[in-house]
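The values are calculated or read from the model by the stated rules, or taken from the named source; none is laboratory data. Since we're looking at a predicted model, the values are computed, not measured. Every residue, glycine as well, gets a Cβ built from its backbone with ideal geometry; the counts of neighbours run over all protein chains shown.
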Amino acid sequence: MGERARNIGSEAEDKAWKFLEKLGYRIEEKNNEEYDIDCLAVFLPKIRGGFIRPRYAPDGMTAFEVTEETFRKKKVTDFREKIERYNAANSAKIVGGVLLIDQKISLPMMTFMKNQGIWGWGSSRQSLYKAKLGVFNDWTEINLTSEIPLDENISFLRCATPPPTTSDKLIRFAVFF
């Protein structure tokens, strides 16, 4: 049974790392056993015609952790302590962490996490980012697509289809909160 759980965990992590790469992150390191950090990654700015860093994520080297266990404040503080231990011993600093969890995250928990320097990508946020990726990729096939940030929480996609075109739409917008 232990081997099966380990295989499920590895499969979940592989899917998470592919998702991060599609979002525009470059994976620097996986499964750091010394600090028990699942992944260290850096967002590569302005790739693929203007896809920007997810609005609910730190800017800089980010620690990611995938978890299926019951979500509590202790999980957040333990993750924060791992990051602090890493930063104390390394010249390359982690600016924050993201917990990828297949659960809904309450607003009070999100506030607590953000105060700890940890962002939570629950099931709804992951779905939002997957939908944004889908729209971005579909529109990129049409023509020039770029993402424009409005503030730390909101961005929109703009697709311009300059003439001559067979499309009856010259510009398209999709807003993501």
Mind listing whichever residues of the range 27-66 are modelled with pLDDT under 80, loosely packed, with under 14 Cβ neighbours inside 10 Å and part of a strand (DSSP E or B)?
I47
Tell me, please, whether a residue that is in contact with a Lys or Arg (Cβ under 7 Å, 6 or more places away or on another chain) and of a type in the set (S, T, Y) can be found in the range 107-114.
no
Across the range 91-102, what is the total count of residues that are exposed (fewer than 13 other Cβ atoms within 10 Å of the Cβ) and out of contact with any helix residue (DSSP H, G or I) (no Cβ under 6 Å at 6 or more places or on another chain)?
2
Of all residues in the range 110-128 being touching a residue at least 60 places away in the same chain (Cβ under 8 Å) and not in a helix (DSSP H, G or I), which is surrounded by the fewest Cβ atoms within 10 Å (Cβ to Cβ)?
W119
Within the range 67-82, the count of residues that are within 18 Å of the chain's Cα centre (by Cα), of a type outside the set (K, R), assigned to a helix (DSSP H, G or I) and surrounded by fewer than 19 Cβ atoms within 10 Å (Cβ to Cβ) comes to 0
Are there any pairs, at least 6 apart or on different chains, whose C-beta atoms fall under 6 Å, with the first in the range 85-101 and assigned to a helix (DSSP H, G or I) and the second of a type in the set (A, V, I, L, M) and buried (at least 20 other Cβ atoms within 10 Å of the Cβ), and if so, which?
Y86/I94; N87/I94
When you go through (1) over 25 Å from P45 (Cβ atoms); (2) modelled with pLDDT of 75 or more one by one for S167, which number turns out not to apply?
(2)
Take I105 and decide whether it is over 21 Å from A41 (Cα atoms), surrounded by 16 or more Cβ atoms within 10 Å (Cβ to Cβ) and either modelled with pLDDT of 90 or more or of a type in the set (A, V, I, L, M, F, W, C) (or both).
yes
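Kindly indicate the residue of the range 134-156 that is farther than 20 Å from D59 by Cα and assigned to a strand (DSSP E or B) and also modelled with the highest pLDDT among those meeting that condition. Write out each step before concluding.
To start, the set of residues in the range 134-156 that are farther than 20 Å from D59 by Cα comprises 134-145.
From what is left, the residues that are assigned to a strand (DSSP E or B) are 144-145.
On the way: L144: 73, T145: 76.
The extreme case among them is T145.
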